Amino acid sequence: MQLYLDSSSPEEIRTAVAWGVIDGVTTNLSLIAKAGGEMRAALRAVLAVSPGPVFCQVVGWRDVASIKEQAHWLRRFSDRLIIKIPMSVAGITAVSQLKREDPTMQLAVTAVSSVAQAYLVAKAGADIVALFNGPLDLEQDERVRIVAPIRAIYDRAHFPTRILSAGRFARSFGEFAADGSDIITIRMEFLKTLFDHAFTDKRMLAFHADWQKAHGDKTWLSGGEDNSGPAS
């Protein structure tokens, strides 16, 4: 499973790259708008620091011709872009036509919020279905468990479409991963929470307390004794 950072901030992306855990970057219209400045410059800045592919969304969701024109332009802009198409009648129509015109164009359908929509995405030939399960999980009283049925349908029908989940919090992240997501994208504030657990902190504090009672602040490089390694 791949892990992507949901961001348009070069600084955030550099930080996540330094941690060694992300495979690429997802953006959307809100994130590019938040970046400020000229929109193409904002996209170039993300491409410059991403360790892999970058998802970029077309503008609008009702005009097939406009969606297709933007998709072709984005393809020319960078071959590292995965083009996000909106979940709509026009969007699915555009995906179907674009894949017939250029089967190598990498297309994802975004804002997918149901199993039925996910079926249409795969049927149209999209490379990736981008689920809004994370945001939905924050809005609804019940857990959103749509990855597993989508995975079952895709596997049964032999659809090659990959499943992208929008991660939120460690609990839902684990569920989305276990249920069969191929990619999870996550914002920086949620990515940070994946590193944390109260029991981990408790055990680390206990380890260090025991060590400090015996050896103070020394590390394995401290002490001045024989540092040549294990006895032969």
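The values are calculated or read from the model by the stated rules, or taken from the named source; none is laboratory data. Worth saying up front: this structure is predicted, and the values here are computed from it rather than measured. Neighbour counts run over all protein chains shown; Cβ positions are idealised from the backbone, glycine included.
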Search result, residues across segment 50-90 that are of a type in the set (D, E, K, R) and free of Cβ contacts under 8 Å to residues at least 40 places away in the same chain: Arg62, Asp63, Lys68, Glu69, Arg75, Arg76, Asp79, Arg80
Pull up segment 159-184, narrow it to residues that are among the polar types (S, T, N, Q) and under 17 Å from Leu5 (Cα atoms), then point me to the one that is nearest to the chain's Cα centre (by Cα). Ser165
List every residue pair whose Cβ atoms sit under 7 Å apart, with the two residues 6 or more apart in sequence or on different chains, where the first one lies in segment 185-202 and is in contact (Cβ under 8 Å) with a residue 24 or more places away in the chain and closer than 15 Å to Ser172 by Cα and the second, anywhere, is surrounded by 13 or more Cβ atoms within 10 Å (Cβ to Cβ) and of a type in the set (S, T, N, Q). Thr185/Thr26; Arg187/Ser7
Given the criteria under 19 Å from Pro53 (Cα atoms) and either in contact with a Pro (Cβ under 9 Å, 6 or more places away or on another chain) or surrounded by 19 or more Cβ atoms within 10 Å (Cβ to Cβ) (or both), does Leu120 qualify? no
Only unsatisfied item for Lys213, checking (1) closer than 30 Å to Thr27 by Cα; (2) loosely packed, with under 10 Cβ neighbours inside 10 Å; (3) at pLDDT 95 or above, is (1)
Do we have any residue at all in segment 120-134 that's at pLDDT 95 or above and among the polar types (S, T, N, Q)? no
Of all residues in segment 51-110 being hydroxyl-bearing (Ser, Thr, Tyr) and in a helix (DSSP H, G or I), the one that is surrounded by the most Cβ atoms within 10 Å (Cβ to Cβ): Ser96
Residue list for segment 1-40, filter: within 28 Å of Met87 (Cβ to Cβ), part of a helix (DSSP H, G or I), of a type in the set (Gly, Ala, Ser) and out of contact with any Ser or Thr (no Cβ under 7 Å at 6 or more places or on another chain): Ala16, Ser30, Ala33
